[in-house]
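In what follows, a structure is listed as structure tokens, so that the remarks can point back to it.
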Amino acid sequence: MYTLDSRFTDAAEGMYYTYEEDNQTKFLEINNAFVHLSGIPKSELLAADPDTLFAPESLKKLPQKKKRLNQKGYVYSEDHLIGRNGVKLNVEIHSSKLRWGQRDIYFHVVKDISEKKWIASQVRNKLILASGILDQQMKISSIYNHYAPLPFIEPEEGMQGLSLFSFIDKTDLLKVRRCFAKSMEYRQEKQVTFLTNESYAYGAIKMKATVKPLVNGSNDVTKVAFVLCRADNAEDLAEEFSPLMLACL
């Protein structure tokens, strides 16, 4: 177990193994992604009680979760973990029970779902055209078209890796850059309006971007979630949607 290969050590998702001893849960091994997510050094994690990483609301459910895991061999849950600086992390955890020699051990895969939760909250309240994730250089990691064509002319090779700023009219570019910089600096959700610089049906359109920096347990920004809405003629946009589609918002 202590010679785990790079598929575990360098996996993109957080992973760790635990075992039970004297009615206490203990870490067996932890990968690099989980260390980065929690913001806690590996040596401190290995010496800690894994249960202490759970926020109070998740800790209350932990005994029942462990019981189901031992009975069924697998359990999925959405939980809140507490990072190094008290940052609350939204995660989903897939846990499996394994047999290792004469001992039962438990394998856990931890995925940060902060962007999923935040984008879902935005979609419930707004007519979203698109949402996605930016890296720390404001380049598009992913973008999802919700209910209408994307508000930009999409290159044939796709939009991944392109800067979001490249689609903004130059007269609004400085304003947008300042907004994004403040959002990153203060770790706060910010909104800004701008004109696109590409033709879209009948020309440039006015957009509103909402951005939310996402952090790890050390409060370091790891990525930026965003949503795009029409900032003008919202009533015209609503007419393009069926009543059933609007009811799902």
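When each of Asn85, Asn70 is tested for being outside any strand (DSSP E or B), more than 20 Å from Gln188 (Cα to Cα), in the same structural domain as Glu57 (by TED's automatic domain parsing) and not hydrophobic (A, V, I, L, M, F, W, C), the lone residue that passes is Asn70. Residues in segment 20-50 that are of a type in the set (A, V, I, L, M, F, W, C) and within 23 Å of the chain's Cα centre (by Cα) were compared, and the one that is surrounded by the most Cβ atoms within 10 Å (Cβ to Cβ) is Phe34.
Within segment 56-83, the residues that satisfy the criterion of being closer than 19 Å to Ala33 by Cβ, surrounded by fewer than 16 Cβ atoms within 10 Å (Cβ to Cβ) and out of contact with any His (no Cβ under 8 Å at 6 or more places or on another chain) are Glu78, His80.
Here is a yes/no grid of residues against (1) on the phi > 0 side of the Ramachandran plot; (2) in the same structural domain as His36 (by TED's automatic domain parsing); (3) touching a Lys or Arg at 6+ places or on another chain (Cβ under 9 Å):
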residue	(1), (2), (3)
Gln102	no, yes, no
Ile105	no, yes, yes
His108	no, yes, no
Ile119	no, no, yes
Val123	no, no, no
Ile128	no, no, no
Ser131	no, no, no
Asp135	no, no, yes
Met138	yes, no, yes
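Within segment 198-230, restricting attention to residues that are in contact with a strand residue (DSSP E or B) (Cβ under 8 Å, 6 or more places away or on another chain) and not in a strand (DSSP E or B), the residue that is surrounded by the fewest Cβ atoms within 10 Å (Cβ to Cβ) is Ala204.
Whether a residue is modelled with pLDDT of 95 or more, in a helix (DSSP H, G or I) and assigned by TED's automatic domain parsing to the domain that holds Leu214 was assessed, and Arg178 passes this test. May I ask you to verify whether Leu53 is surrounded by 11 or more Cβ atoms within 10 Å (Cβ to Cβ), free of Cβ contacts under 8 Å to residues at least 24 places away in the same chain and at negative phi? Criteria not met by Leu53. Evaluated against (1) surrounded by fewer than 17 Cβ atoms within 10 Å (Cβ to Cβ); (2) closer than 30 Å to Pro213 by Cα, Tyr17 falls short on exactly one condition, (1). Checked against (1) closer than 22 Å to Ala120 by Cβ; (2) modelled with pLDDT of 90 or more; (3) under 16 Å from the mean Cα position of the chain (by Cα), Tyr144 passes all but condition (2). Kindly indicate the residue of segment 86-122 that is closer than 30 Å to Cys229 by Cα and hydroxyl-bearing (Ser, Thr, Tyr) and also modelled with the highest pLDDT among those meeting that condition. In this case the residue turns out to be Ser114.
When the criteria are applied in full, Ile153 fails the requirement of being buried (at least 17 other Cβ atoms within 10 Å of the Cβ), assigned by TED's automatic domain parsing to the domain that holds Lys206 and out of contact with any Ser or Thr (no Cβ under 6 Å at 6 or more places or on another chain). Of the residues contained in segment 189-197, one or more are found to be at pLDDT below 90 and either among the small types (Gly, Ala, Ser) or not in a helix (DSSP H, G or I) (or both). Of the residues making up segment 30-57, those that are over 19 Å from Leu69 (Cα atoms) and part of a strand (DSSP E or B) number 1.
The values are calculated or read from the model by the stated rules, or taken from the named source; none is laboratory data. Since we're looking at a predicted model, the values are computed, not measured. Glycine gets a Cβ as well: all are built from the backbone with ideal geometry, and neighbour counts include every protein chain shown.
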